[in-house]
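Asker: Once you've had a glance at the structure underneath, I'll fire off some questions.
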Amino acid sequence: MYYGIDIGGTTAKIGAFKNDKLVDSWVVSTQVESLEKLVKTILDSIRAKDKNILALGIDCPGFIVNNKISSSANLHFLDGVDLKEAFEKEINCKVRVINDANCHALGEAKHAHLDNIVFVALGTGVGGGFVLNGQVLEGVNGAGMEVGHMHVDDVFNFRCGCGQVGCLETLCGQKGVRNLVNHFRNNYQTKLEIDYSVKDVFDLAKANDPLAFKVFEIFTDKLGLALANLAAILNPQAIIIGGGISLAGDFLIRHVKANFEKYATPVVRNTEIRLASLGSEAGMYGAYYLVKEENK
């Protein structure tokens, strides 16, 4: 069978695919201290179930070009590693490696039968991917569609992890929500507890809590602006929003669409904006499709 492997900072999701269907999936720990142990852990778990491994598609966080990881935020022992080569030393099959956000974009595009999409992942930060004519646009340094670092703000000037100020990630994603809550907490009444989640903020925004709605208002305004800029440049069939924050559902999409339409140029104003459909399985699907296409 073909396998799609979605490597994260603490776990890797492994999916077994047959005829484009996910037939089995499980999770293994990535809390190991070396490349060798990571490769062994993943391969041992697959070999325990299947002796006829046809190909491995792998995604992981970091900047990746030609299967080589220049830097990985949560798995530093992968910095500078050619992960394809590391796996192919231990197994005789085709291996392909790609950035996680790009992989999720490919999974969502293929699953929706679309050839040209923008994918935006709202999690701790803001990630993204662009699928053009069925192929992921990675960029020469593996930094294609780093939408979280699009400049959208000259008012708050929150410092981003990249070193710049005004990045989309400083106002959206979990980091952005916390920046905004901290900034406005003393200026608006709120029922928001000291220990809170983004879900708490959005749930209170639905109930018109003054602080929560102010944060939500800025969040969706800046996200709508960023998506309008992307649509003007890339003109996709659809913009798909995923990541943990997307679980806010229609309430989030409705407000993002309104702000998108406010900023978008007329020719792209009708671009569809939809929620991701694969959830936590998007990485496995994308990794599978990636290696399947190359193995034809």
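The values are calculated or read from the model by the stated rules, or taken from the named source; none is laboratory data. The structure displayed is predicted, hence computed values, not measured ones. A quick note on method: Cβ atoms are made from the backbone with ideal geometry, for glycine too, and the neighbour counts reach across all protein chains shown. The protein model used for the area step is the full one, side chains on, heavy atoms only, and it has no ligands, DNA or RNA in it. Shrake-Rupley method; radii C 1.70, N 1.55, O 1.52, S 1.80 Å.
Asker: Please list VAL27, VAL198 in order of solvent-accessible area, largest first, computed with a 1.4 Å probe with all protein chains present. Could you put the intermediate results ahead of the total?
Answerer: Numbers: VAL27 90, VAL198 20 Å².
Solvent-accessible surface, decreasing: VAL27, VAL198.
Asker: Mind pulling the angle between the C-alpha long axis of helix 35-47 and the longest principal axis of the chain? Nearest 10 degrees, somewhere in 0 to 90.
Answerer: Computed tilt is about 70 degrees.
Asker: How big is segment 61-127 by Rg and Dmax over its Cα atoms, in Å?
Answerer: 13.7, 36
Asker: So, one more: Set the Förster distance to 22 Å, then compute FRET efficiency between PHE251 and TRP26 from the Cβ-Cβ distance, nearest 0.05.
Answerer: Working: r = 33 Å, r/R0 = 1.50.
Step by step, r from the Cβ atoms, then E = 0.10.
Asker: Once you have a ≥ b ≥ c as the square roots of the Cα gyration tensor eigenvalues for segment 1-134, tell me rounded if a/c is under 1.5, and otherwise prolate or oblate according to whether a/b is larger than b/c.
Answerer: On the way: a/c = 1.67, a/b = 1.16, b/c = 1.44.
Cα axes put segment 1-134 in the oblate bin.
Asker: Continuing with this model, one more query. Given a cut-off of under 8 Å on Cα pairs at least six residues apart, what relative contact order in percent is computed for segment 1-48? Present the calculation step by step, with values, prior to reporting the outcome.
Answerer: Details: 64 pairs, mean separation 13.2, N = 48.
It rounds to 28 percent for segment 1-48.
Asker: Report the charge-dipole magnitude of the chain in Debye, nearest 20, computed about the Cα centre from +1 at each Lys and Arg Cβ and -1 at each Asp and Glu Cβ. Write down the numbers at each step before the final one.
Answerer: Values: 30 positive and 34 negative charges, 66 e Å.
Its charge dipole is roughly 320 debye.
Asker: Taking +1 at the Cβ of each Lys and Arg and -1 at the Cβ of each Asp and Glu, which of SER29, GLY176, TYR285 sits farthest along the dipole of the chain towards its positive end, judged by Cα position relative to the Cα centre?
Answerer: Positive-end residue among those listed: TYR285.
Asker: Can you check what the net charge comes to around GLN164, using other residues whose Cβ is under 13 Å from the Cβ of GLN164 (Lys, Arg +1; Asp, Glu -1)? Don't skip to the answer; put the middle values down first.
Answerer: On the way: positive: ARG159; negative: GLU146, ASP153, ASP154, GLU169.
Once all neighbours under 13 Å are counted, the net charge is -3.
Asker: Follow-up question, since we're still on this one. Sort 52-61, 28-37 by packing, meaning the average of other beta carbons within 10 Å per residue, with the highest value first. Spell out each step's value before the answer.
Answerer: On the way: 52-61: 22.1, 28-37: 13.5.
So the peptides 52-61, 28-37, ranked by packing, come out 52-61, 28-37.
Asker: What percent does the relative contact order of segment 36-120 come to when contacts are Cα pairs within less than 8 Å and at least six residues apart? Don't skip to the answer; put the middle values down first.
Answerer: On the way: 95 pairs, mean separation 22.8, N = 85.
After rounding, I find 27 percent.
Asker: Ranked from highest to lowest mean number of other Cβ atoms within 10 Å per residue, what is the order of the peptides 243-256, 5-18?
Answerer: Packing order, densest peptide first, comes out as 5-18, 243-256.
Asker: Follow-up question, since we're still on this one. On the full set of protein chains, 1.4 Å probe, figure out the accessible area of SER280 and give it in Å² to the nearest 10.
Answerer: Spelled out: SER280, probe radius 1.4 Å, area about 80 Å².
Asker: Using only DSSP helix segments of four residues or longer, with each worth -39500 (n - 2.57), what per-residue ellipticity at 222 nm results for the chain after dividing by its residue count and rounding to 500? Walk me through the numbers before you get to the answer.
Answerer: Numbers: 8 runs with 104 residues, N = 296.
The helix contribution divided over the chain gives -11000 deg cm²/dmol.
Asker: Place the peptides 148-157, 165-174 in order of packing, highest mean first, counting for every residue the other Cβ atoms within 10 Å and averaging per peptide. List each step's numbers first, then the result.
Answerer: Values: 148-157: 16.0, 165-174: 24.0.
In descending order of packing, they fall as 165-174, 148-157.
Asker: Roughly how many percent of the accessible protein surface of the chain is carbon and sulfur, given a 1.4 Å probe and a whole-percent answer?
Answerer: Details: 6430 of 13610 Å².
Ligands and nucleic acids excluded, carbon and sulfur reach 47 percent.
Asker: Averaged per residue, what accessible surface does segment 173-296 expose to a 1.4 Å probe, in Å²?
Answerer: Numbers: 6060 Å² over 124 residues.
For segment 173-296, the per-residue accessible area is 49 Å².
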